[in-house]
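The values are calculated or read from the model by the stated rules, or taken from the named source; none is laboratory data. Predicted model, so just to flag it, every value in this text is computed and none were measured. Heads up, the Cβs are rebuilt from the backbone with ideal geometry, glycines too, and the neighbour counts pull from every protein chain shown. These area figures cover heavy atoms from the full protein model, side chains too; ligands, DNA and RNA do not enter into them. Shrake-Rupley method; radii C 1.70, N 1.55, O 1.52, S 1.80 Å.
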Amino acid sequence: MKKISLNNIILFRQKLDKNRKAFLSSLRRKDEIKSEGGGNYWVRSLSALSNGFKLKDNQPLKEKISEILELFTPALTKQIKEMYQRNLDILHNYEDFDFSEWLPENSKILSKTNKKSIIYINTIPVQITPSQIYSFEKNGNIYVGAIWFVAKLKGYKIEELGMFAEALYIYLSNNFDQEFELSAENCLIVDVLGKKEVNYQMLIDEEIPSIFNTTLELIKNTH
């Protein structure tokens, strides 16, 4: 396969042993399986959150709420209405949020342009798509941190969010470690539906079990 997203790595892990081979075969045929866990379903809320974080301003969220409300018409299917409503729920959760809680002082947003988003980990091409990357100074050193907003209808287990955090740390180490020190604490995953937050430091401190490498090993050995 050309790439596999974190959501599909998680889906693979959830499959029964007998169904895992067929799942990987379907990924190879379609390259990726589109699902509600993917970016398209949640794009309105996740993109607004990413822009709000970048600007340290809630206005992008408020504008997106108004935009979605204007899209509601009686002619919409039930499925589309539910999708809009779920995105609205996320936006309402964070429309008055103080983004400085997630950002160190004097942080500077960094460009993701020309950075590797597909990284081979244990021979598996993993697609890693953080929401925003930033630098900041601490104790005389310049660090890099990142945030990744994720959403899934039935929610993520805490160890699954840990997989995102591990992948994010690997992304930073592959793309930014020549210029910056890496900050495990500022390698943050935000489950915007469950309002849960996990950072890579929590895996280092063994507050969260690490299942990323073992899952990639299962993928590698499934034929």
Would you work out the charge dipole size for the chain about its Cα centre, treating the Cβ of every Lys and Arg as +1 and the Cβ of every Asp and Glu as -1, and quote it to the nearest 20 debye?
1460 debye
Tell me what the chain gives for mean residue ellipticity at 222 nm when only DSSP H runs of n ≥ 4 count, each as -39,500 (n - 2.57), the sum divided by the residue total, rounded to 500 deg cm²/dmol.
-14500 deg cm²/dmol
For the range 105-221, averaging the sequence separation of alpha carbon pairs under 8 Å that lie six or more residues apart and dividing by its residue count, the contact order in percent is 26 percent
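Given a 1.4 Å probe and every protein chain left where it sits, what share in percent of the accessible area of the range 1-118 is carbon and sulfur?
So the carbon and sulfur contribution to the accessible surface is 47 percent.
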Probe 1.4 Å, protein heavy atoms only - accessible area per residue of the chain in square angstrom
52 Å²
Once the Cα gyration tensor of the range 36-101 is diagonalised, semi-axes √(5λ) in Å
22, 12, 9
Residue-wise, which Karplus ³J(HN,Hα) couplings in Hz belong to the range 156-171, taking 6.51 cos²θ - 1.76 cosθ + 1.60, θ = phi - 60°, and x for glycine or proline?
10, 6, 4, 6, 6, 5, x, 5, 4, 5, 5, 4, 5, 4, 5, 4
I'm spelling it out carefully: the read-out is Cα extents along the principal axes in Å, the candidates are (1) 52, 32, 31; (2) 56, 48, 33; (3) 53, 29, 25, and one was derived from this structure. Which label?
(2)
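What is the extension gain from residue 15 to residue 30, computed as 0.36 nm multiplied by their sequence separation minus the C-alpha to C-alpha distance, in nm to one decimal?
That pair, residue 15 and residue 30, stretches by 3.6 nm at full extension.
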If you average the C-alpha positions of the range 179-223 and of the range 99-167 separately, how far apart do those two centres end up, in angstrom?
10 Å
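Within 10 Å of each candidate Cβ there may be at most 13 other Cβ atoms; applying that plus a DSSP loop requirement, which GluC sites (Glu not before Pro) in the range 93-190 survive?
Counting only loop positions with at most 13 other Cβ atoms within 10 Å, the GluC sites (Glu not before Pro) in the range 93-190 are 105, 179.
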